[in-house]
Amino acid sequence: MVDAVAGTVIVGGGTAGCVLAARLSADPEHAVCLLEAGPVWSGAAAVPEELRLAGRMPIGPASPWVWRYPVRLADGPVTGDIVRGRVLGGSGAINGGYFVRALATDFAAWARECPEWTFDAALAGYQQIERDLDYGEFPGHGRSGPIPVQRAVDPGPASVEFASAAVQAGFPEIPDLNALPESIPESGLGPVPCNIDAGRRAGTATTYLLPALGRPNLTVRGATLVTRVRFRGTRAVGVDYVRDGRVHSVQADRVVLCAGAVESAALLLRSGVGPPEQLRALGIPVVHPAAVGAWFTDHPEIGVEYRGGAPSAPEAVALEYILCHDDLEIRPYAVAFGSDAAVRRVGVALMRPRSSGELRLVSADPRVPPDLDYRYLAADYDRERLRAGVGLAAELCAAITGTAATPRQPDNSWLRANLGTSQHLSGTCRMGPAGDAGAVVDERCRVHGVRGLTVADLSVAPVPLSRGPQATVVLIAERVAGSLLGIV
């Protein structure tokens, strides 16, 4: 069955897809069809409470809102799984609400290969996005954008304990982690800007897409699994999808993939855009050779635990403060992990790792997840920095409790045994110029070597980001929307 022609079909109603659908459909002459694998809602009032309340992260084993992917974090067998949002709003509907901008140094590295992605250009986009409820009147901030941003007014006990220990250890306070670069030192402690309003998540589903659902030129379909992009020669002309057990196709003038760093890459590969030898081995006809999945990065994270005071209030966000120390981010989680509410966890994340991973398709069947090999700890530098971060976290925990929580100089086996991930996977469809053999998309996120196909999500980021990615995903989507509408 072939559906009616849509001007643009968007695959994935996550953080980026909701922005694209809302922005493109603002033009009444432009038909937009958004296809989401998870459930969708008719309005904000229909969103389940567990997805709205900022103090809940509904990602447990029984969660119906996530994709799960088995992964290898380091050398050895599969070591667990990661989750990504499979619901309208994507991972932004299930995460902790962290909404911190990437650093100017990140954009300096980005712009070396992609000159349009300077910090000045990004700053204008960040300002357009935000309605900062604390610093909206300050230089470099926005006060009228769709995303409300604010910091914890009454931090919980664990957050206060850690913040006091960090300040006593000599780290300066950073009131605004989204301030202009000259106001942010390389090391310091600051409250986390969150996209939260009155204790509820304010992701792109509720702030961008749901208010636009009444537009006659916008179609949104949930429970719809897109299986491949359809090509005529090297031009994308639509997608195939499965809904209610039936196979459908939708024709389009343009296809935009917003399915996230895992699914956008897997969809390109299943559609014939990727490494030829990998595709031929799976019986997939090659449309265009590309380094899809050949490189990705994430933030390795190790948890340091200690016994602390009273737990935070149930409505507390997961992370109220962070300690930034060069390329380390120390995270005193405000919520309890496990059944013992007195056990506190401090995450030690390396934000600019030098190790990189690879995503490979293992089957042409869309129900089979791709292989995700993170290759964490492969670089000596990464091991050294994580050791330093764990040592720092242990010192701060000891200042709170009077006893050391972990080895001050953990060896490689300890690092591997305690290794986790921040679940900020990016770069599987990395951006770069046409002459870059590792680049999949150009500066405007158009897939090299084909026409009518764009990728707009975290998979395009060509460098590791020094902060969590949510604000930058919204930025990417806004800039792609502007490009497709001819604004930039």
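Side notes on the structure shown:
- So LEU20, is it buried (at least 16 other Cβ atoms within 10 Å of the Cβ), touching a residue at least 60 places away in the same chain (Cβ under 8 Å) and touching a helix residue (DSSP H, G or I) at 6+ places or on another chain (Cβ under 7 Å): yes
- Residue satisfying condition, being within 23 Å of VAL441 (Cα to Cα) and either touching an Asp or Glu at 6+ places or on another chain (Cβ under 9 Å) or in a loop (DSSP other than H, G, I, E, B) (or both), within set ARG331, ARG345, ARG354: ARG354
- For THR204, the stated conditions do not hold, so it cannot be described as in contact with a strand residue (DSSP E or B) (Cβ under 7 Å, 6 or more places away or on another chain) and at pLDDT 95 or above.
- Scan of the range 100-121 for residues that are surrounded by fewer than 20 Cβ atoms within 10 Å (Cβ to Cβ) and part of a loop (DSSP other than H, G, I, E, B), ordered by number: PRO115, GLU116, THR118
- Selection of the range 179-207 for residues being among the small types (Gly, Ala, Ser), within 26 Å of ALA169 (Cα to Cα) and surrounded by fewer than 22 Cβ atoms within 10 Å (Cβ to Cβ) yields ALA179, SER183, SER187, GLY188.
- Scan of the range 132-145 for residues that are touching a strand residue (DSSP E or B) at 6+ places or on another chain (Cβ under 7 Å), touching a residue at least 12 places away in the same chain (Cβ under 8 Å) and not charged (D, E, K, R), ordered by number: LEU133, HIS141, GLY142, SER144, GLY145
- Every residue from the range 373-385 that is of a type outside the set (D, E, K, R) and in contact with a Lys or Arg (Cβ under 7 Å, 6 or more places away or on another chain): TYR374, LEU377, ALA379, TYR381
- The listed residue being over 30 Å from GLY308 (Cβ atoms) and either aliphatic (A, V, I, L, M) or more than 23 Å from the chain's Cα centre (by Cα) (or both), out of LEU396, LEU361, LEU377, LEU386: LEU361
- From the options GLY389, GLY420, GLY435, GLY427, residue that is at positive phi and either surrounded by 16 or more Cβ atoms within 10 Å (Cβ to Cβ) or out of contact with any Ser or Thr (no Cβ under 9 Å at 6 or more places or on another chain) (or both): GLY427
- For the range 151-163, the tally of residues that are free of Cβ contacts under 8 Å to residues at least 24 places away in the same chain and assigned to a helix (DSSP H, G or I) stands at 1.
- Some residue of the range 26-34 being farther than 27 Å from LEU267 by Cα, buried (at least 21 other Cβ atoms within 10 Å of the Cβ) and not hydroxyl-bearing (Ser, Thr, Tyr): no
- Scanning the range 243-295 for residues that are surrounded by 18 or more Cβ atoms within 10 Å (Cβ to Cβ) and hydroxyl-bearing (Ser, Thr, Tyr) yields SER264, SER271.
Residues are listed down the side, and each one gets a yes or a no for (1) part of a helix (DSSP H, G or I); (2) closer than 18 Å to GLY14 by Cβ; (3) touching a helix residue (DSSP H, G or I) at 6+ places or on another chain (Cβ under 9 Å):
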site: VAL220; (1), (2), (3): no, yes, yes
site: VAL229; (1), (2), (3): no, yes, yes
site: HIS248; (1), (2), (3): no, no, no
site: ALA265; (1), (2), (3): yes, yes, yes
site: GLN278; (1), (2), (3): yes, no, yes
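- From the list TYR381, TYR306, the one residue that fits, being aromatic (Phe, Trp, Tyr) and outside any helix (DSSP H, G or I), is TYR306.
- When the range 306-316 is filtered for residues that are buried (at least 18 other Cβ atoms within 10 Å of the Cβ) and modelled with pLDDT of 65 or more, the ones remaining, listed by number, are TYR306, GLY308, ALA316.
- Output for the range 410-444, where each listed residue is polar (S, T, N, Q), within 19 Å of GLU301 (Cβ to Cβ) and not in a strand (DSSP E or B): ASN412, SER413, ASN418, SER422, GLN423
- Only one entry in SER183, SER187 is over 21 Å from ALA316 (Cα atoms) and free of Cβ contacts under 8 Å to residues at least 24 places away in the same chain, namely SER183.
- Residue list for the range 169-188, restricted to those being under 20 Å from ASP106 (Cβ atoms) and hydrophobic (A, V, I, L, M, F, W, C): ILE174, LEU177, ALA179, LEU180, ILE184
- Any hit, the range 137-150, residues being in contact with a Pro (Cβ under 6 Å, 6 or more places away or on another chain), buried (at least 17 other Cβ atoms within 10 Å of the Cβ) and part of a loop (DSSP other than H, G, I, E, B): no
- Test for SER363: is it polar (S, T, N, Q), in contact (Cβ under 8 Å) with a residue 24 or more places away in the chain and buried (at least 19 other Cβ atoms within 10 Å of the Cβ): no
The values are calculated or read from the model by the stated rules, or taken from the named source; none is laboratory data. Remember, predicted model here, so these are calculated numbers, not experimental data. Glycine also receives a Cβ, built like all others from the backbone with ideal geometry; neighbour counts cover every protein chain displayed.
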